[in-house]
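Encoded as structure tokens, the structure appears first; notes follow it.
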Amino acid sequence: MQSMMCIRTAICPQLAGTPHQSKRGASRGSPLVVHDARTPAVVRVRAYAHTHVAFTGRTPLRQQVRPCRGKLAPRTRLRASQKSQEPGTLVDISVLKKAKLPGSPRPEGEDEDDEGWQPFNFSLYSTPWDVPWGIGTVVWGLVGWGTSFILTGAVVVPLIAAALGIRLFDLSTQQQTYYVLGVQGAETVVGLCIIDLAVKKFKPLPEDFFRVDFRGPFKAPNGWLAWGLLGYMSSFGVVGLATGLCSLIGYNQKDGGGTVDSVAPLVDSGDPTDITSLLLVTSVLAPVLEETVFRGFLLTSLTKFMPNSGAVVISSLVFAFAHFAPKDAPQLFALGLVLGTVYTRTRNLLAPMTIHSLWNSGVLLLIVYLQALGYSLEDVLGLLDTSATLNLQ
């Protein structure tokens, strides 16, 4: 149950154009303003049908029912004693506000949500973020990250290596894995700094932005590890469906490069140190950077301009194209849908990071296993091309 707290309600004279009135109601057509104190509460106010109702405060709330006509602020969850009213009818409006934003663990001592996990309650995936920046910041963040990613990996790190007397074309397999780890580490640090710089002037941000919270991994309704495992298991079906659709429409998946093509040769040595370095790259650094950029920044930003479902689709498309792997683009897009959906539900980056990490580590360990069985590198790549489902993301 939600706890009852006092939240100030009043008629705003500036908006209504009338003298200050009682909090129990407003004359027909005058705006009723509910001031949100950002505390756990159930607020009950009385207003006439066709009253313009506005809610102040930055905490996003879900809109459930529109009990009266007129202007209702978005992201507001309302309930009324009646679902339809005649003009001038005095009705009860309840504004239900949770202690924290969706996905946040409840404070100690507060009762658990009786609703449970509800994976098919799609309204729980639809709460947008209260994004304080505009499209210019989104473009600057993405362009800045993409430019820094290319410059760091293709220019800065090679120049540093050359200055240290390292000849990249003469590196052994083990040295190549170390180099790849260094490049990915540099790209991750620089990329995170670019995103942080893009949103710096809007700090402090609401608590559900770039949220990484290890608390309550299996706690209903939004435990990050529970949703991460569920998302990982469901990703096989979603990615497999994308592969099947590609076969039906004749998409030639052997054209262009794939995400696994550059990594598989480095596993050929079978050295545990090499494998560990590659696991750090594909299962730790890559998920941290990519989920921060594509889910934490891009998807979140897009919810200012479109519904969450649209933001999931658009961010998944950008995620797929950003890998420059045409052979794996449909599978990348499909996995992006899973990652984005889980993130909109949990609002915790740990959930999509878990899915991303498990997927990449599973593919990498499969390559190691197949090579340990005696399959050649060409055979391994051929098997992965045949399945077209198991590729690094």
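The values are calculated or read from the model by the stated rules, or taken from the named source; none is laboratory data. This one's a predicted model, so the numbers in the text were calculated from it and none came from an experiment. Every residue, glycine as well, gets a Cβ built from its backbone with ideal geometry; the counts of neighbours run over all protein chains shown. Surface accessibility is based on the protein's heavy atoms, side chains included, excluding ligands, DNA and RNA. Shrake-Rupley method; radii C 1.70, N 1.55, O 1.52, S 1.80 Å.
Name every residue in the stretch 199-252 that is assigned to a helix (DSSP H, G or I), of a type in the set (Ser, Thr, Tyr) and surrounded by 14 or more Cβ atoms within 10 Å (Cβ to Cβ), in order of residue number. Spell out how you get there, then give the answer.
In the first step, residues of the stretch 199-252 are kept if they are assigned to a helix (DSSP H, G or I); the result is 200-202, 224-249.
Subsequent filtering for residues that are of a type in the set (Ser, Thr, Tyr) retains 232, 234-235, 243, 247.
If the condition is that a residue be assigned to a helix (DSSP H, G or I), of a type in the set (Ser, Thr, Tyr) and surrounded by 14 or more Cβ atoms within 10 Å (Cβ to Cβ), then 232, 234, 235, 243 are the ones that fit.
Yes or no, residue by residue, for (1) in contact with a strand residue (DSSP E or B) (Cβ under 8 Å, 6 or more places away or on another chain); (2) without any contact (Cβ under 8 Å) to a residue 40 or more places away in the chain; (3) surrounded by 23 or more Cβ atoms within 10 Å (Cβ to Cβ):
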| position | (1), (2), (3) |
| --- | --- |
| 309 | no, no, no |
| 315 | no, yes, yes |
| 328 | no, no, yes |
| 338 | no, no, yes |
| 342 | no, no, yes |
| 348 | no, no, yes |
| 356 | no, no, yes |
| 361 | no, no, no |
With the first residue restricted to the stretch 164-180 and required to be within 14 Å of residue 266 (Cα to Cα), and the second required to be small (Gly, Ala, Ser) and surrounded by 14 or more Cβ atoms within 10 Å (Cβ to Cβ), Cβ contacts under 7 Å at 6 or more apart or on different chains are 173/269; 174/269; 177/277; 178/277
Hey, residue 196 assigned to a loop (DSSP other than H, G, I, E, B) and among the acidic types (Asp, Glu) or not: no
Note on residue 303: of the conditions (1) of a type outside the set (Gly, Ala, Ser); (2) over 13 Å from the mean Cα position of the chain (by Cα); (3) buried (at least 17 other Cβ atoms within 10 Å of the Cβ), unmet is (2)
Every listed condition ((1) assigned to a helix (DSSP H, G or I); (2) hydrophobic (A, V, I, L, M, F, W, C); (3) in contact (Cβ under 8 Å) with a residue 40 or more places away in the chain; (4) open to solvent by 10 Å² or more (accessible area, probe 1.4 Å)) holds for residue 324 save (1)
Output for Cβ contacts, cut-off 6 Å, separation at least six or different chains, first residue hydroxyl-bearing (Ser, Thr, Tyr) in the stretch 249-262, second in a loop (DSSP other than H, G, I, E, B) and modelled with pLDDT under 70, reads 259/391; 259/392
Among residues of the stretch 253-299 being polar (S, T, N, Q), assigned to a helix (DSSP H, G or I) and open to solvent by 30 Å² or more (accessible area, probe 1.4 Å), the residue modelled with the highest pLDDT is 276
When the stretch 322-362 is checked residue by residue, the ones that are closer than 22 Å to residue 281 by Cβ and of a type in the set (Val, Ile, Thr) are 338, 354, 355
Practice prompt. Please verify whether the stretch 168-183 includes one or more residues that are under 17 Å from the mean Cα position of the chain (by Cα) and in a loop (DSSP other than H, G, I, E, B).
Written response: no
Taking the stretch 113-145 and keeping only residues that are closer than 20 Å to residue 293 by Cα and either of a type in the set (Lys, Arg) or open to solvent by 70 Å² or more (accessible area, probe 1.4 Å) (or both), one is left with 135, 139, 140, 143
Would you be able to say whether some residue in the stretch 363-371 is within 15 Å of residue 287 (Cβ to Cβ), open to solvent by 10 Å² or more (accessible area, probe 1.4 Å), at pLDDT 90 or above and under 25 Å from the mean Cα position of the chain (by Cα)?
no
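Regarding the stretch 146-162, can at least one residue be identified that is in contact (Cβ under 8 Å) with a residue 40 or more places away in the chain, out of contact with any Gly (no Cβ under 8 Å at 6 or more places or on another chain) and open to solvent by less than 70 Å² (accessible area, probe 1.4 Å)? Let's see the steps before the verdict.
To start, the set of residues in the stretch 146-162 that are in contact (Cβ under 8 Å) with a residue 40 or more places away in the chain comprises 146, 148-149.
Within this subset, residues satisfying the condition of being out of contact with any Gly (no Cβ under 8 Å at 6 or more places or on another chain) are 146.
Still in the list and also open to solvent by less than 70 Å² (accessible area, probe 1.4 Å): 146.
Scanning the stretch 146-162 turns up at least one residue that is in contact (Cβ under 8 Å) with a residue 40 or more places away in the chain, out of contact with any Gly (no Cβ under 8 Å at 6 or more places or on another chain) and open to solvent by less than 70 Å² (accessible area, probe 1.4 Å).
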